[in-house]
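Below: one structure, written as structure tokens.
The values are calculated or read from the model by the stated rules, or taken from the named source; none is laboratory data. In this text, all values refer to a predicted model and were calculated from it rather than measured experimentally. Cβ coordinates were reconstructed from backbone atoms using ideal geometry, including for glycine residues, and neighbour counts include every protein chain displayed. Surface areas here come from the heavy atoms of the whole protein model, side chains and all, with no ligands, DNA or RNA. Shrake-Rupley method; radii C 1.70, N 1.55, O 1.52, S 1.80 Å.
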Amino acid sequence: MLELDVRRRQGDFNLDVRLSAGPGVTALYGRSGSGKTSVINMVAGLARPDEGVIRVDGRMLFDSRAGIDLAPEARRLGYVFQEHRLFPHLSVRGNLEFGERLLPGSERTQSFDKVVQLLGIEHLLDRRPARLSGGEKQRVAIGRALLASPRILLMDEPLAALDPARKAELLPFIAQLARQFGVPILYVSHSMDEVLRLADTLALMDGGAVAASGPLESLMGDPGLRPLTGRYEAGAVIAAVVAGHDAGFGISRLAFDGGTLIVGRSELAVGAKVRVRIHARDVAIAIEAPERVSIRNVLPASVVSVAAADAFLVDVVLACGATRLWVQITALAQAQLNLMPGMRVHALIKALTIARGDVASVD
Amino acid sequence: MFTLTPLEIEALRLSLLVSFWAVAASLPFGVGCAWVLARLDFPGKAVVDGIIHLPLVLPPVVVGYGLLVVLGRRGVVGAWLHDWFGITLAFTWKGAAVASAVIAFPLMVRAIRLALEGVDRGLEQAARTLGCGPVRTFWSVTLPLMLPGVLTGVILGFARSLSEFGATITFVSNIPGETRTLPIALYALTQVPGGDEAAFRLCVISVVVAFAALLASEFLARRVQARLKG
């Protein structure tokens, strides 16, 4: 558990950040220049807050009033940098053991063999970093940080320097980390795709402060936060379970609190927990359930809120069971339907609008 | 067959001895100075930098005379060294080593500083986050990474020491078996009639030793680089 309440002035830029990160993955998301990396550096002890407190598992790492400022090496945090920062003069094994060796055996919480096996780097142990691919380097860097038995793993855009193929190769490893090794992760990113794939908790950073934080699904479905989550990304994220596949028609069924969703065929196993992104522009609203319609997902819902997004666009939030759906309709449509909170409606979602990339495994 | 005369063996032995100790004794200070210049910012840094580089631009005779004044038997520091530790530098091979060290120091510091400035501080930060304290980080990360530059500094310093003449002859004079190194022996030979052949032989020896040092440094630097590249 990380608790942070710090202020720092950097030139003309003021950071004033309050944040707490529990188990699982907490994503710190924001535009570049919003202060994300400064936050993670302050946690690691590589940058010094002007004032405030930083606490991990109840242990004070920094407290300006009490004059506490632990050196980076005394903080017991793992840091995976954007660039791998592997030691070029040491072999992969030497790099992995670097932090582990500095710990007495009784304080080591991670096993070398398990880390190496899970990251799939057994065959690289005798190589030098210079002879690894970008993805391999970053895997070794993750292993090195993990083997220092950190109380929290800090990751600063670990995929940003990689090409899309390497990113796709590394994402599943990172997704497994928090669960497999029981280490909370603070993950800095400006990529919504990564955040949606990895994060349990989301903290949105803007102008040097945390503008909002909470469970990913509730933040993503909140039109009020759209300036921060990004215009292109407008849409809800819902938690679901793969309920079944229909190979004959090439579709999959996802069960969520509020009904069943039919989507294009997914490769995921039945029972897999997934996170589905539904773009606000892809959802339509019908007052009465339409009959004989091509749209496969017709979900009974009730209107939670209606608000103008701009002059021509209206944001509507629907409750579908316990799940929130975010819908964008034209001002013209709203003028004719006159949606109001509390109204019973139907949400219409074409199966084809939910692409494979919108369904991500969270196991 | 090229056999060395006793005089040549003695001069060569002295040159190697003096140069070895000049480099060995000043290396830790060289690394220290390089670190201070590369990593710290303090008022008066330019002055410190200038003082370290002074022997590079001063006539060596001036340096030698300065050493004589300060470290000679009656010099401020020299008298103290003699009275308290029984150490005499003036007119001994140890004094020759000191003179060589002072002259070679700026070259060594420059090379090491350059190497230190080339070390990615991000790697040091990474080491710190992995639980490694600053001193240990220097030994296990910084120093190995700047090793090629340290090597260059050592060879440069060694070569400069081998060729040291002006400061040495001023500070410790020309004493056979004690301070008569290769360049001084060579100079002495050129001052007596009929010394041409012997002088030429010393020239050849000097060239061979210097060349060997350069080749050795190149070889070592390549090996270190290859290690880093895996």
Please give the number of the condition A:SER149 fails out of (1) under 20 Å from the mean Cα position of the chain (by Cα); (2) in a loop (DSSP other than H, G, I, E, B); (3) under 27 Å from A:ARG75 (Cα atoms).
(1)
Test each condition in (1) open to solvent by 60 Å² or more (accessible area, probe 1.4 Å); (2) more than 26 Å from A:ALA168 (Cβ to Cβ); (3) more than 13 Å from chain B (Cβ to nearest Cβ) for A:GLN117 and report the one that comes out false.
(2)
Being of a type in the set (Val, Ile, Thr), within 20 Å of A:LEU225 (Cβ to Cβ) and open to solvent by less than 10 Å² (accessible area, probe 1.4 Å): is that true of A:VAL304 here?
no
Out of the residues in segment A:150-189 meeting the condition of being out of contact with any strand residue (DSSP E or B) (no Cβ under 8 Å at 6 or more places or on another chain) and either within 14 Å of another protein chain (Cβ to nearest Cβ) or polar (S, T, N, Q) (or both), tell me which one is surrounded by the most Cβ atoms within 10 Å (Cβ to Cβ).
A:ALA161
Would it be correct to say that A:LEU339 is surrounded by 16 or more Cβ atoms within 10 Å (Cβ to Cβ) and part of a strand (DSSP E or B)?
no
Here are the criteria: (1) away from chain A (no Cβ under 14 Å); (2) open to solvent by less than 60 Å² (accessible area, probe 1.4 Å). Tell me which single one B:ARG222 does not satisfy.
(2)
Filtering segment A:94-114 down to residues that are out of contact with any Pro (no Cβ under 9 Å at 6 or more places or on another chain), within 11 Å of chain B (Cβ to nearest Cβ) and of a type in the set (Gly, Ala, Ser) yields A:GLY94
Among the candidates B:THR92, B:THR137, which residue alone is of a type in the set (Val, Ile, Thr) and within 23 Å of B:PRO148 (Cβ to Cβ)?
B:THR137
Can you run down the residue pairs with Cβ atoms below 9 Å, 6 or more apart or on separate chains, where the first is in segment B:204-227 and over 28 Å from B:THR3 (Cα atoms) and the partner is open to solvent by less than 90 Å² (accessible area, probe 1.4 Å) and of a type in the set (S, T, N, Q)?
B:ALA221/B:THR152
Open to solvent by less than 60 Å² (accessible area, probe 1.4 Å) and within 14 Å of chain B (Cβ to nearest Cβ) - does that describe any residue in segment A:58-67?
yes
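Assess whether A:GLY259 counts as being open to solvent by 10 Å² or more (accessible area, probe 1.4 Å), at negative phi and in the same structural domain as A:ALA319 (by TED's automatic domain parsing).
Here the answer is no, as A:GLY259 does not meet what is asked.
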Counting only residues in segment B:99-141 that are more than 10 Å from every other protein chain (Cβ to nearest Cβ) and not in a helix (DSSP H, G or I), the one least open to solvent (accessible area, probe 1.4 Å) is identified as B:VAL119
When segment B:190-202 is examined, which residues are found to be assigned to a helix (DSSP H, G or I) and touching a helix residue (DSSP H, G or I) at 6+ places or on another chain (Cβ under 7 Å)?
B:THR190, B:ALA198, B:ALA199, B:ARG201, B:LEU202
